[in-house]
Structures are given as structure tokens and as C-alpha cells.
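Written out below as C-alpha cells is the structure these notes cover.
Every number in this text was worked out from the coordinates using simple rules, so none of it is lab data. These numbers come from a predicted model, not from an experiment. With ideal geometry, Cβ positions are generated from the backbone for all residues, glycine too; neighbour counts draw on all protein chains shown.
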């Protein structure tokens, strides 16, 4: 009798909205949902006394994101994403030495105008205690195309306290740099080169108690093909790169404070010799039913690639790059997001500032790359459902 | 690294307590999901992919871009 009562109570609880809680989403959406987000961010100008040549004004970027999600019956849903990104400004082409023999950036001479369109679709099918998702994507810009596909899934076990997740994806990319013809400004540039990326991830999510859940995951990505930057003055990288990421996430809800703490950490290393650590903290403070304020903090540190040099040398042979993204440095992001809900609508505003420097790295850095980027980002978002 | 993952897994399993379905109200908040706001997550992933040396998420990624 007691068991029957318990089962009835459980069934009643599961029927309540939001109570069928597993450690990952486990049900198809039931309403048509849409979302739009406009983001604008501006990279800070290159510092004049650290710039050898070219325009100091770096990229100004605008991103429009549109998302639609719809149920397809009770056990299936589909999500479509369209992203348009436009950017204009100058970009670092190399690192030279100034009159005092210090590293200084060589920027592209004129402003570059670029745009990228990204389309993707994700179809999910739900079963009693599992789900699978098929995703396809296409990204196109003047000098780069990427076609990708992926398959992922979740399996809920242990009375739905544990979720096992996994997935594979493949991206086939083509790089066709501009101004690379025989009669163009840079005839030495490549014309058309392929690149293939394969990703495998596996993870386990666990509900620890009624307010705490954790996730551990590993991501292995392997790239092959043309991995150099065709727009740099001197950039020659290996034609393969294997990346490993170990990820840990914590979600904690404080009923007393009506707030949630999100902690995401990542340990990364790759076959180019880069080791990186990332910690991302978000505090979701609910204020009543309608307002949410989310302060964020992110810290990142990386070591340099094996073939990184602090300045270019045209007589050097072999693998080499002075790209700041392969240099040793650390970065810090602080931000805040405000979300207001009104019935089935929500409006969000976000501000974020990113600073990177050698002094923020976990280990001492002898020469800071002068092209390290800083930017401030503003976002405005709207979501709704009906 | 695998040793640390094993230790972490054992600690997690040892620390688990049975949580019935009707006790999962706090866990059902949207911010408690591991993959939260998908527009933000997609954008963050793209921005950091284009500006940093490391990348990799607890999910499958999309295609590449000319930004990195």
C-alpha cells in the first residue's frame, strides 16, 4: 500500500511542469520558441608605440543571431540557427622589431570588411530514457566555407540521477584567401586548401543532491589539412593538430538566496604544445519571478605553441608563427547580464570586458606578444514563445 | 589526468544521496542546465575560438571559420 502511494506521488510529481528533472534536458519542447540577439564588440586599437606599420584600428564586429525551435510531435523537436557576422578594421599580419629591438605589431594597411553567414539545424528525437540529436551546419564567408554534421545523444540511468552523454562531429572546410592570384598583391598566398576537423566527446552528469549537480566530460578534436594563417607575413604550422579538453561543471542552487552558481572549468592541451586552463563563473541571481541578474567572471591562461616565435624572421625556415593566439598569455573577462521576463517574452542586456596580457598568465612570460587583444562587448536579446 | 578524473568520479559517487523526483524543483531551474542559454553559448564559443589558442566544449562543435 505504501509503495502504491509512493508511486502515485511520484507520478503526480513527474506530471508537474519542470519536475521531470534529469541532469540534462530530457523532453522535446512543447511550444514554438524564437530568440534574437544583437551583439556588438570592438577590439581596442593597437597601441601606437607597439605598432610598427599599418592601421591601429582593429576589428569592430556586429553579430545578429536568430533562433527558431519547434516541436515536431510529442517526442521530437527541431532548432534552426542563423548567424550573420560583419567585421571591419585592421588585423595583425606579423610581429617585427622596432628601433629599440622590441616586438611591435605589423598591422594590415587598410581596413578589411568581411562578413560571415552561419546556418545550422538540430533535430532531436526523445525516447523513454534517452535522446539522440542530428545536427548539420554550413558557414560561409568570402574566403572560407565549412560544412559540418554531428550526432550526439544522452542516456539517463540510475533513476535518472545520472546521464551519460556522447557525440561525434565532422567538419569539412575550404580556405580560399583573397588577393592570391598571379596578378594580385599576394601571389605567394595559397589558392584553395582543405581542412578537416573531427570531434569526439563523452561525458557523465550526476545529480548529487536536491540542489547540486556536476558534469565531467572529455572532448578530443583532431584537425588535418591547411592549418596556417594565409594572411600572416610568415606563418607555417603543422598540417595536423590534436586537441584534448577535460571539462568539469558544477551547478548549485541556493534556495535561501534564490540564486544559482555555475562553475565551468577546462584543462586543455594539444599536439602543438599548448596547455590552457579556463575557469568560468556565473552567478544567476533571481529577483522575484521576473528579473534575473547574472554577474560573470572568466579566467584563461595558456602556454605557447612549440613553434611560436615572439617576432618574425623572413630567413627562418621550418614551422613558425608569431600569432598572438599561439603565444603565452592570460586573459580575464568580467561581465553582467540583466534579463527581464514578461509573460512568455524575455528581454536581455549584457556587457562584457575582455583583457589579455602576459602578466595574467599562470606562468611567467619573458616577451609579451604586442598583438594581444582587448575588447568590450554589448548584447541585446529578445526571446518569446507561443 | 585520468587518475584525477577517477578520484573525482569516486568522490562524486560517494557524495550522492537519493533525490526523488518531487525533490528536484531546484534542479529544474533553467540556469541549472549544463548547456544553458544556447544563443549566448554559441556566441561565447565562437568568440573565444577566434581569439584564443584553446577550444573544446562538453558537446559537439559546428564547423570552423576563417577567424582562426
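Observations on the structure shown:
- If R0 equals 25 Å, the separation of the Cβ atoms of residue A:147 and residue A:334 corresponds to a calculated FRET efficiency of about 0.10.
- Shielding of A:203-212 by partner chains, average beta-carbon count, 10 Å: 6
- For peptides A:187-196, B:31-40, A:125-134, sequence by mean Cβ density within 10 Å, most packed first: B:31-40, A:125-134, A:187-196
- Using a Förster distance of 45 Å, the FRET efficiency for residue A:80-residue A:193 (Cβ separation, nearest 0.05): 0.90
- Inter-chain neighbour count for A:213-220: the average number of beta-carbon atoms from partner chains within 10 Å of each residue's beta-carbon is 5.
- GNM result for chain A, Cα springs below 10 Å: residue of A:358, A:69, A:99 fluctuating most strongly: A:99
- Convex hull volume per residue in cubic angstrom - Cα atoms of the stretch A:132-183: 70
- Each label point was placed 7 Å from the Cα along the Cα-to-Cβ direction; for residue A:297 and residue A:125 their separation is 4.6 nm.
- The distance between label points at residue A:367 and residue A:271 comes to 2.8 nm (points 7 Å beyond Cα on the Cα→Cβ vector).
- In chain A, the longest principal axis of the Cα atoms and the axis of helix A:2-15 are about 50 degrees apart.
- R0 of 60 Å, Cβ-Cβ distance residue A:98-residue A:254: FRET efficiency to nearest 0.05: 0.70
- With the highest mean first, a sort of the peptides A:341-352, A:365-376, A:205-216 on other beta-carbon atoms found within 10 angstrom per residue produces A:205-216, A:365-376, A:341-352.
- Percent of Cα-Cα distances greater than 15 Å, calculated over the stretch A:304-386: 67
- Per-residue mean of foreign Cβ neighbours for B:42-51 is 6 (Cβ atoms of other chains, 10 Å radius).
- 20 Å-binned pair-distance histogram of chain A (Cα, whole percent): 21, 56, 20, 3, 0
- Descending Cα extents along the principal axes, the stretch A:190-322, whole Å: 64, 28, 26
- Each Cα pair under 8 Å and six or more residues apart adds its separation to the average, and for the stretch A:45-385 the resulting relative contact order is 10 percent.
- Extension reserve of the residue A:351-residue A:244 stretch, reckoned as 0.36 nm per residue once the Cα distance is removed: 35.5 nm
- Alpha carbon Rg of the stretch A:248-386, scaled by the compact-globule rule 2.2 N^0.38 Å: 1.37
- If you take the Cα centroid of the stretch B:17-44 and the Cα centroid of the stretch A:101-137, the two points sit 24 Å apart.
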